[in-house]
1. Before rounding to the nearest 500, sum -39500 (n - 2.57) across all DSSP H runs of length at least 4 in the chain and divide by the residue total; then give [θ] at 222 nm in deg cm²/dmol.
2. Output the peptides 319-325, 290-296, 58-64 sorted from most to least packed, where packing is the average of other Cβ atoms within 10 Å over each peptide's residues.
3. Which shape class applies to the range 288-375: rounded if a/c is under 1.5, otherwise prolate when a/b exceeds b/c and oblate if not, where a ≥ b ≥ c are the square roots of the Cα gyration tensor eigenvalues?
4. Computed from these coordinates, which is P(r) over Cα pairs in 20 Å bins from 0, in percent: (1) 24, 43, 24, 8, 0; (2) 25, 58, 16, 0; (3) 22, 49, 26, 3, 0?
5. For the chain, modelled as a Gaussian network with Cα springs under 10 Å, which listed residue fluctuates most, R80, R170, R274?
6. Which order, highest average first, do 199-207, 250-258 follow once you tally other Cβ atoms within 10 Å for each residue and take the mean per peptide?
7. For K224, give me every one of the aspartates and glutamates with a C-alpha distance below 14 angstrom, ignoring sequence neighbours fewer than eight places off in its own chain.
8. Can you find, among S387, P307, V264, the residue sitting farthest towards the positive end of the charge dipole of the chain, where Lys and Arg contribute +1 and Asp and Glu -1 at Cβ?
Amino acid sequence: MAQVAAVLAAAGAGVRFRENLTSASAADPRRTIPKTFLPLAGRPLWSHGARTLQDCEAVGAIAIVTPPEWVDEVRAISRRLGLSKVGHVVPGGARRQDSVENALRALAADPPELVAVHDGARPLASADLVARCIASARERGSGVAALPVTDTLKRADAQGQVQGTVDRQRLWAMQTPQVFSFTALLAAHEAAARDGVDVTDDAALIERLGETVWLVPGEAANLKITTPADLRLAESLWAASGGAPMRVGHGFDAHRLVPGRPCVLGGVTVPHDRGPLGHSDGDVLTHAVMDAALGALALGDLGRHFPDSDPAYRGARSVELAARVAELLREQGYRVANLDATLVAQAPKIAPHVPAMRAALAEAFGCEIEAVSVKGTTTEGLGFTGSGEGIAAHAVVVVQPLGGG
């Protein structure tokens, strides 16, 4: 096992979140989906924390705790997002501490030296914060993210009458990650289970053992999503920070032209005596755009996602497959911001059909038609496109983080 493993606690039901959905209808999916599966920038909340742990070089392995019925989904999403450090996806328990203990037991077969526990409902923590907490634990035995309390605190009775002012000078608001010796944290959880003790964070369990807990300066953006207002704030913070960089991809495709095939280009059937030969509808223009969109996020090529050996894609409409590519982008937290496609062919002439092509591609990729450019050119009779033997297309696609732009 790696020296440092991480536990992502994402098994909570989000009861307080649902209680604050005052204006939502009974059919609102936020009333049934676990809180950490609600979307932020097109991806589940928990996946942002998982990405932070993945990006921290000091973390060697990740165990994710999730509601039992979501285990397979978390595994699938982790694979799609390239979260290669996720080695365990563990069903959660009745309480947060039960869930964390389940993850610790999964890691115990090959125990790490240190374990970092992070809340799946804290999507905006940085990899730097994780690294600083780990460094503290290596040096002093523990490292817990926290912020000094800045608001004035009052004590009050049950009726709301103020009973006094609390000195805030030595008060800290706890965050995660919280990093400890794996052996100590597992022992602390076992002791709490034996003694019937309930706590709200892992540091409290370590304190019960008489161990020292050391604080590490946290991050203001590292808020915990507890209410719908918190989620809206996280969305604003994500957008304001840029969330992730803009990315650019280039795509190319070419097909032989043969008699008896419809000439589908950019989702539009163009009158011609021949059409592109292909396993699907052979839409070379849409294929080039799809290839560029996948390339922008290094998601592989068309053959990886829609192999021509799969009968499910025989005769498939390429614009429908393009919509699936757009969904893959959203799962990564991105959307198409702009696309520019060029068809290379001696014939047919596409100018009369460009408006319909732009509309079809805009609908497939979920972007504004103003962000879609389609144009045609020839090779002045040169090469396979000039002879009419085939047809080709180039495309450049710019993708940007959801919520940006």
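Here, each number is a calculation from the coordinates, and none is a lab measurement. If you're wondering where the values come from, they're calculated on a predicted model, not measured in any experiment. Positions of Cβ are generated from backbone atoms using ideal geometry, with glycine treated the same way; all protein chains shown enter the neighbour counts.
1. My calculation for the chain gives -10000 deg cm²/dmol from helical runs alone.
2. 290-296, 58-64, 319-325
3. Oblate, since a/c reaches 1.5 and b/c is not below a/b.
4. The value matching this structure is (1).
5. R170
6. Numbers: 199-207: 20.0, 250-258: 18.3.
Ranking the peptides 199-207, 250-258 by packing returns 199-207, 250-258.
7. D119, D201, E235
8. Towards the positive end, the residue furthest out is V264.
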